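Below you'll find the structure, written out as structure tokens, and then a few comments.
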Amino acid sequence: MPHASENTLTRLYENMVTARYYEERLQEEYLEGKQPAFDISAGPIPGELHLAAGHEAAGAGVCDHLRDDDIVTATHRPHHIAIAKGVDLKRMTAEIFGRETGLGKGKGGHMHLFDPDVNFACSGIIAEGCPPAVGGALAAQKRNTDSVAVSYLGEGAIDQGAFLESLNFASVFDLPVVFVIEDNDWAISMPKERVTDVENGAKRADGFEMPGVRVDSDDVLDVYDAAGEAIGRARDRNGPTVIEVQVHRRMGHFMGDPETYRPEADQEAAAERDSIVRLESDLREAGVEDDRIDEIRDDAHSRVDEAIEWAKDQPLPEPGAAHEDLFVSPASGVTDSEPDFEAVGGEE
Amino acid sequence: MSGAESTRELTMSRAMVSAIAHEMRENDDVFYMGEDVADYGGIFDSTQGLREEFGYDRIMDVPISETAYIGAAVGAAQAGMRPIAELMFVDFFGVAMDQIYNQMAKNTYMSGGNVSVPMVLTAAVGGTYNDAAQHSQTLYGTFAHIPGLKIVVPSTAYEAKGLMHNAIRDDDPVLYMFHKRLMGIGWMPAPDGPKTPVPETDYTIPFGRADVKRDGEDVTIVTLGLHVHRALEAAETLASDGISAEVIDLRSLVPLDTETIVESVEKTGNLVVVDEDYRSYGVTGEVTARVAEEALDALERVERVAVPDVPIPYSRPLEKEVIPGTEDIVNAATRTQ
Ligand SMILES: Cc1ncc(C[n+]2csc(CCOP(=O)(O)OP(=O)(O)O)c2C)c(N)n1
């Protein structure tokens, strides 16, 4: 039986259907103009695109416990997490379309979304979001607030030094940070058993004297419970936790991935396991009417469609803008208070 | 280009792979480590088909642990093997910088020449497809700056093969930087040019020998990688404006063929250095300084065409603004006249 209230269930559902539909729509938009021969430089969305369909439970189930002042660092597959953290959907979409009104004025792109209003950031370098999350937790500790930090990474990232060093650092200083591993079984073409020693990534926690919890299914309610406990621990100043969530990759690693390395059965299994469908039945069990479910979903879809339409209407940046924003504006570090040695009596 | 009897047209990736395969057949000590190099065949086709021939033991998918596997290549090389390690994107060097900068590059010197590190580090470089600041750099200058690494940058299939044969056989660590846009990958169409006839034989191109890709009289354009092709295109335009441009493909940054550059500038009097790396403290400054040191009197005008000192932005108009285009080269060369 779910521990979450009906309100929580509907919130999680709304979040997950938003994230799923968002990825489906982006897929459509991205592939437009890249057909029939896939050309990465064509179409309305520039660059690489890593979509997270199948990861929604890990975004919604964790971030539902977070406030705007809590910090999240996400991965190269960030959209579902950004949506769950409350990142401005329109400006995020504009960024993905490379527009001037995007979160980063078109400079960052889909792997580099920054929304300081809700303390969200992400990075395209594997596991490199971990140290900044630890730093966010350190700031909370030093300032004696009760905010926490969450760092997301893939199961392929648990072999990276930045993650392991972050675990030790967080443990040594008892920092309010939660590491969330999204295990989708694949690191691009590398199945996890080929490159990682443990089947359960949460075991990484064992060597660093912190709890490690694995949520074996991607049932969002199990994720919600595990994350609630870990985030509560962090908020109560009881130290860091590692959570691994089994998710699944419904689309390729990136758009255009031929997935020739992936057994068809694995693809089919991923398609069948659908945490959103499962949550729908939980909602019905909790007494939510079908009409209400449809309404939540339709509203979410409209919000996504609206964000995409808005983003596509936004202007592209002026080329000259490429030269701005390297440093803060107005310029810093220009104060001149060098002592005048002659005036203070320095000898010639 | 050598007149070997048996040649075929190859894309740059096929040429690179054919050299690796040849060396692996000849020498059991050669093996390849990287992410997605086995079943995927390299995200940029750098190992396409090799796992099928050599198996997982010699074409090794490795954990996403660049420090561990690049460092393991250093150690295996010092133990007498000839490993090749691949950085999927050169931009990821940051997580393994110590193994590259402090171990791979310095062990020979610090041991007084008693230790050698006969390994190759391959790395995909470059932009033009909007992959933004963490996936679009070339970082030529970053690596060429540290003493102890030989650096090669093929611009065509012919160079890709000849440089790879030499890289694997070289007893020193070699960084082999291949431009994604030149590889001939299905989903990232290459410009005309990198696909060339390639001899079947195992020819070697020595490091430190630049190639004059086009003869000219009025201005010397020195460049490397993708921009060799942009410079050749620019030279065509310049020719129709009555300006005769010589185009030099550096092919290796360390060692650098100063002689060929200086000879050309002594003829033309004008130097344009074109680089897809950042402008400051990089290839354009180094080449200019060498010419100034060797042939200051011959030098009338200098132009540097490079990425202004900002990270590579994502949005198309922004990326286009910062990565030197053919027009930028034409304009710079014209300004020297
Ligand atoms: C340091 C570094 N090495 C390699 C890469 C290239 N890369 C991008 S995504 C990826 C696979 C990541 O797998 P995982 O962490 O399991 O996340 P998933 O993509 O499956 O969500 C790799 C190797 C990178 N971005 N950074």
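Things to note:
- Qualifying residues in region B:184-240 (those that are among the hydroxyl-bearing types (Ser, Thr, Tyr) and touching a residue at least 40 places away in the same chain (Cβ under 8 Å)) - the one surrounded by the fewest Cβ atoms within 10 Å (Cβ to Cβ): B:THR201
- Some residue of region A:221-232 being at pLDDT below 95, under 30 Å from A:GLY135 (Cβ atoms), in contact with a strand residue (DSSP E or B) (Cβ under 6 Å, 6 or more places away or on another chain) and buried (at least 16 other Cβ atoms within 10 Å of the Cβ): no
- Considering region B:126-149, the residues that are out of contact with any Leu (no Cβ under 7 Å at 6 or more places or on another chain) and closer than 22 Å to B:GLN103 by Cα include one that is most open to solvent (accessible area, probe 1.4 Å), namely B:HIS145.
- Residues satisfying the stated conditions in region A:254-297, i.e. farther than 18 Å from A:VAL223 by Cβ and either of a type in the set (S, T, N, Q) or in contact with a strand residue (DSSP E or B) (Cβ under 6 Å, 6 or more places away or on another chain) (or both): A:THR260, A:GLN267
- Annotation: of all residues in region A:141-187 being in a loop (DSSP other than H, G, I, E, B) and within 16 Å of the ligand (Cβ to nearest atom), the one that is surrounded by the fewest Cβ atoms within 10 Å (Cβ to Cβ) is A:ASP185.
- Yes/no for B:GLY49 being closer than 24 Å to A:ALA157 by Cα and either touching a Cys at 6+ places or on another chain (Cβ under 6 Å) or in the same structural domain as B:GLY141 (by TED's automatic domain parsing) (or both): no
- Any chance B:GLU321 is among the acidic types (Asp, Glu), within 14 Å of chain A (Cβ to nearest Cβ) and free of Cβ contacts under 8 Å to residues at least 60 places away in the same chain: yes
- For region A:121-140, the set of residues classified as open to solvent by 50 Å² or more (accessible area, probe 1.4 Å) and in contact with a Ser or Thr (Cβ under 6 Å, 6 or more places away or on another chain) consists of A:PRO131, A:PRO132, listed by residue number.
- Scope region A:188-202; condition under 22 Å from the mean Cα position of the chain (by Cα), open to solvent by 10 Å² or more (accessible area, probe 1.4 Å) and more than 12 Å from the ligand (Cβ to nearest atom); matching residues: A:ASN200
- A:VAL148 vs. criteria more than 19 Å from the chain's Cα centre (by Cα) and touching a residue at least 24 places away in the same chain (Cβ under 8 Å): no
- Within region A:306-344, the set of residues being exposed (fewer than 13 other Cβ atoms within 10 Å of the Cβ) and either in a helix (DSSP H, G or I) or in contact with a strand residue (DSSP E or B) (Cβ under 9 Å, 6 or more places away or on another chain) (or both) comprises A:GLU309, A:ASP313, A:GLY320.
- Inter-residue pairs, beta-carbon under 6 Å, first more than 8 Å from chain A (Cβ to nearest Cβ) and in region B:29-41, second basic (Lys, Arg), 6+ apart: B:ASP29/B:ARG82; B:VAL30/B:ARG82; B:PHE31/B:ARG58
- For B:ILE329, the conditions (1) touching a Leu at 6+ places or on another chain (Cβ under 9 Å); (2) of a type in the set (Val, Ile, Thr); (3) not in a helix (DSSP H, G or I) are fulfilled apart from (3).
- In the set (1) within 13 Å of another protein chain (Cβ to nearest Cβ); (2) farther than 26 Å from A:ARG249 by Cβ; (3) among the small types (Gly, Ala, Ser), A:ALA162 fails one condition alone, (2).
- Hits in region B:114-130 (condition: touching a residue at least 60 places away in the same chain (Cβ under 8 Å) and within 14 Å of chain A (Cβ to nearest Cβ)): B:ALA124, B:GLY126, B:GLY127, B:THR128, B:ASN130
- Residues being part of a loop (DSSP other than H, G, I, E, B) and either at negative phi or away from the ligand (no atom under 16 Å from the Cβ) (or both) - total across region B:131-161: 15
- A Cβ distance below 6 Å, combined with a sequence gap of six or more or placement on separate chains, defines the contacts here; from region A:188-200, residues that are more than 9 Å from chain B (Cβ to nearest Cβ) reach residues that are open to solvent by 30 Å² or more (accessible area, probe 1.4 Å) and more than 10 Å from the ligand (Cβ to nearest atom) in the pairs A:ASN200/A:ARG214.
- Scanning region B:25-41 for residues that are within 15 Å of the ligand (Cβ to nearest atom) and part of a loop (DSSP other than H, G, I, E, B) returns B:GLU35, B:ASP36, B:VAL37, B:ALA38, B:ASP39, B:TYR40, B:GLY41.
- Residue that is nearest to the ligand (Cβ to nearest atom), among those in region B:77-125 that are among the acidic types (Asp, Glu) and not in a strand (DSSP E or B): B:ASP91
- Among residues of region B:42-63, those that are touching a residue at least 24 places away in the same chain (Cβ under 8 Å), charged (D, E, K, R) and part of a helix (DSSP H, G or I), counted: 3
- Taking region B:36-55 as the range and being of a type in the set (Asp, Glu) and open to solvent by 10 Å² or more (accessible area, probe 1.4 Å) as the test, the residues that pass are B:ASP39, B:ASP45, B:GLU52, B:GLU53.
- Residues considered: A:SER147, A:SER151. Of these, the only one that is polar (S, T, N, Q) and in contact with a Ser or Thr (Cβ under 6 Å, 6 or more places away or on another chain) is A:SER151.
- Scanning region A:39-64 for residues that are open to solvent by 10 Å² or more (accessible area, probe 1.4 Å) and either within 16 Å of the ligand (Cβ to nearest atom) or in contact with a strand residue (DSSP E or B) (Cβ under 9 Å, 6 or more places away or on another chain) (or both) yields A:ASP39, A:SER41, A:GLU48.
- Flag if A:HIS55 is within 22 Å of A:GLY156 (Cβ to Cβ), at pLDDT 95 or above and within 12 Å of chain B (Cβ to nearest Cβ): no
The values are calculated or read from the model by the stated rules, or taken from the named source; none is laboratory data. Because the structure is predicted, anything quoted here is derived from the model rather than measured. So basically every Cβ, Gly included, is an ideal-geometry build from the backbone, and we count neighbours across all protein chains shown. Calculation scope for accessible area: heavy atoms of the full protein, side chains included, ligands and nucleic acids excluded. Shrake-Rupley method; radii C 1.70, N 1.55, O 1.52, S 1.80 Å.
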